[in-house]
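Below is one structure, written out as structure tokens, with a few remarks after it.
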Amino acid sequence: MEGIIQKALSGFYYVDIGKDQPVTCRGRGKIRHQKLTPLVGDRVEITVAPDGTGMVDEILPRKNQFSRPMVANIDQLVIIASGAIPITDPFLIDRMITICETKTCRPIICFNKCDLVRTDELVQTYLDAGFDALQVSAETGEGIETLGSMLSGKVSAFTGNSGVGKSSILNALEPGFSLQVGEVSEKLGRGRHTTRYVELLPLKGGLVADTPGFSSFDVEQMEFISKDELDTAFREFAPYRDACRFIGCAHRKEKGCAVKEAVQAGKIAQSRYDSYLRLYDQVSEIDPWEQNKRT
């Protein structure tokens, strides 16, 4: 019998097989021996016992998978950010985008709390770079309908640092979710983790995953991509890449770099280029074996 893992918690996998209630499953030993971890969003083959419980027999091929958030087979990742406390570092957004770009996954950049702080310039930066970006307010409802239309019929996951309002936005999209939300500490400038596990929820004819917010430690553990992939992950570089003087230009200190010239001319946002340089330096500092482990 085939189904999709709706929730994973404490070694149990709750598999949706199209009935009223998911089947509570354990993973077979052969999955552990293969060093595979079933993820929310996985399509799996299960065997259901007479008592209604089940065993995950096999994980079907994935189109993509993420380590933070721990999900698989996602059509789009909604990167929730905030211009109000806690303020999201644009570098964090750019890092998540680069991961999406290498995993056949559409990134959507969504700035919450626009009733408190407008992020018009940042939204325009991402629109100019060729991404879907918008502002919403879980408090007033601004932009919620537009976001809902982007989620229609898709398998999506929300991600972002703690306190940006992922659960609040989901509650605004579907009040019946009644997800727990937390307060943000003005002193510390960050939120508390209120979502403790990943769960797929039905929404707008598709599915959406609410995921735990991440901390600075979690950011350091995110997947890295190779230097070669990094260049193509910044899609606004594409019109200029072939005009660089040297083949294999790293767009850093080389003479005749068309990408750097585009930045100086204001055709590529300085913040995006700064993120590229920062990511390039981080990847350069990591041993190849460590990169392989974290991709």
Per residue, how much accessible area does the chain show when a 1.4 Å probe rolls over the protein heavy atoms, in square angstrom? 50
Expected unfolding gain across ARG252-GLU174 under the 0.36 nm per residue rule, minus the alpha-carbon gap, is 23.5 nm
Calculate the radius of gyration of the Cα atoms of segment 36-79 to one decimal place, then report Dmax, the largest Cα-Cα distance, as a whole number, both in Å. 12.6, 42
Built amide H within the under 5 Å cut-off of SER67, gap 5+: GLU223
For LEU201, which sequence-distant residues (separation of 5 or more, or a different chain) have an amide H within less than 5 Å of its own amide H, given hydrogens modelled in the peptide plane? VAL208, ALA209, ASP210
Picking from ASN161, SER284, PRO175, whose Cα lies most toward the positive end of the charge dipole for the chain (charges on Cβ: Lys, Arg +1; Asp, Glu -1)? SER284
Give me the three principal axis extents of the chain from the C-alpha atoms, as integers in angstrom, largest value leading. 70, 46, 36
Counting each DSSP H run of 4 or more residues in the chain as -39500 (n - 2.57), what helix-only mean residue ellipticity at 222 nm follows after dividing by all residues, to the nearest 500 deg cm²/dmol? -8000 deg cm²/dmol
About the Cα centre of segment 38-128, what is the dipole size in debye to 20, counting +1 per Lys and Arg Cβ and -1 per Asp and Glu Cβ, all else neutral? 100
Protein accessible area in the chain, 1.4 Å probe - carbon and sulfur %: 48
Taking Lys and Arg as +1 and Asp and Glu as -1, residues besides GLY41 with C-beta under 13 Å from its C-beta add up to +1
Which value, in debye to the nearest 20, describes the size of the charge dipole of segment 1-77 about its Cα centre when Lys and Arg Cβ atoms bear +1, Asp and Glu Cβ atoms bear -1, and nothing else is charged? 400
At what distance in nm do the modelled label points of GLU229 and ARG106 sit from each other, each positioned 7 Å from its Cα along Cα→Cβ? 2.2
Using r as the Cβ-Cβ distance of GLU145 and THR53, and R0 as 45 Å, what FRET efficiency do you calculate, to the nearest 0.05? 0.65
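The values are calculated or read from the model by the stated rules, or taken from the named source; none is laboratory data. Computed from a predicted structure; not experimentally measured. Methodologically, a virtual Cβ is constructed for each residue, glycine included, from the backbone with ideal geometry; neighbour enumeration extends over all protein chains shown. Protein only, heavy atoms only, side chains kept; ligands, DNA and RNA dropped before computing areas. Shrake-Rupley method; radii C 1.70, N 1.55, O 1.52, S 1.80 Å.
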